[in-house]
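Visitor: Attaching a single structure in structure tokens format; questions to follow.
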Amino acid sequence: MYDEDELNSVLDAEIELESPLDHLEGLTADSVESPDPDAMLALLTHPQTQQRMLAARAFSDIEDSRATPYLIDLLTDACPLVRVSAAYGIGRNPSADAVEPLIEQLNQDWNGYVRKGVVWALGNCRDYRSLAPLSEALKTDISAVRLWAASALAQMAQVGYEAVLGAIPPLIEALVQDSVAAVRSNCAWAIGQLCRELPSNVVYATAVDALIQAFAEDEDLGVREDAKSALLGVGDPRGLQLIETLEQEGWF
């Protein structure tokens, strides 16, 4: 779908597109002074690109549902800085109305930073319609987008049983096959989250088997540790027994 080397070279040149996702953790109400929502709402339709971008980005911190329709409109802005900021704003202010526009933008936007924000927003919308595009992004997109697609699929735990069943197979496939360790780690974490919502059935057993395989065989220590954490969180007796056995035998 996308040439990763070619696209990353373009993205590296656009260093202004630093992702707010990289800063969401650790931000608190005390550490950041929130802008005035009414002032930011007025700027969302400002003719100057810089003003629209700043206003859209403000709503990655502000929760105000009044902004969502304007942020949806800004997903198709000519400027990628505005589009990426709008995606993060929607992620903070999710809506069922935003799901289809987000999916459309994910399918057509050339900019990896924008798609990264879009998959995060789709996850936060917690809507069954997001399942297929997030699964496709996990298979075909650049590594930064695959990373967040895996995490977003964990949100299917809040959507319902059928969504959980649909999310697990692409996560297992990526856990086994993805070339990037960080993506595999996110898959292990997401599978662990989803397994907590499943009864002991075939899908559950297959997911636990995949986590056991990753814990025992993955070449990356971080992936093995994340698979172990997922198994401990699920509390599956087979997984717990294997962890104990392997550690007693000095495998790790």
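The values are calculated or read from the model by the stated rules, or taken from the named source; none is laboratory data. Remember, predicted model here, so these are calculated numbers, not experimental data. When we count neighbours, we look across all protein chains shown, and the Cβ atoms used for this are built from the backbone with ideal geometry, even at glycine. Only protein heavy atoms, including side chains, enter the accessible area calculation; ligands, DNA and RNA are left aside. Shrake-Rupley method; radii C 1.70, N 1.55, O 1.52, S 1.80 Å.
Visitor: Sort out which residues of region 45-72 are of a type in the set (A, V, I, L, M) and either surrounded by fewer than 20 Cβ atoms within 10 Å (Cβ to Cβ) or in contact with a Pro (Cβ under 6 Å, 6 or more places away or on another chain) (or both), and write them in order of number. Walk me through how you get there before you give the answer.
Guide: Taking region 45-72 first, the residues of a type in the set (A, V, I, L, M) are 53-56, 58, 62, 67, 71-72.
Once the filter is applied, which keeps residues that are of a type in the set (A, V, I, L, M) and either surrounded by fewer than 20 Cβ atoms within 10 Å (Cβ to Cβ) or in contact with a Pro (Cβ under 6 Å, 6 or more places away or on another chain) (or both), region 45-72 yields 54, 58, 62, 72.
Visitor: For region 163-185, give me the residue count where each residue is assigned to a helix (DSSP H, G or I), open to solvent by 40 Å² or more (accessible area, probe 1.4 Å) and in contact with a helix residue (DSSP H, G or I) (Cβ under 7 Å, 6 or more places away or on another chain).
Guide: 3
Visitor: Hey, another quick one. Residue 229 fails exactly one of the following numbered conditions: (1) open to solvent by 50 Å² or more (accessible area, probe 1.4 Å); (2) free of Cβ contacts under 8 Å to residues at least 24 places away in the same chain; (3) outside any loop (DSSP other than H, G, I, E, B). What is the number of that condition?
Guide: Of the numbered conditions (1) open to solvent by 50 Å² or more (accessible area, probe 1.4 Å); (2) free of Cβ contacts under 8 Å to residues at least 24 places away in the same chain; (3) outside any loop (DSSP other than H, G, I, E, B), the odd one out for residue 229 is (2).
Visitor: Okay, next question. Select from region 161-187 the residues that are under 11 Å from residue 131 (Cβ atoms) and small (Gly, Ala, Ser) and list them in ascending order.
Guide: Within region 161-187, 163, 166, 167 qualify.
Visitor: Collect the residues in region 73-89 that are surrounded by fewer than 21 Cβ atoms within 10 Å (Cβ to Cβ) and either in a helix (DSSP H, G or I) or among the aliphatic types (A, V, I, L, M) (or both), keeping them in residue-number order.
Guide: The answer is 73, 78, 80.
Visitor: Take region 103-121 and flag every residue that is open to solvent by 60 Å² or more (accessible area, probe 1.4 Å) and either in contact with a Leu (Cβ under 7 Å, 6 or more places away or on another chain) or assigned to a helix (DSSP H, G or I) (or both).
Guide: Those that are open to solvent by 60 Å² or more (accessible area, probe 1.4 Å) and either in contact with a Leu (Cβ under 7 Å, 6 or more places away or on another chain) or assigned to a helix (DSSP H, G or I) (or both): 104, 107, 108.
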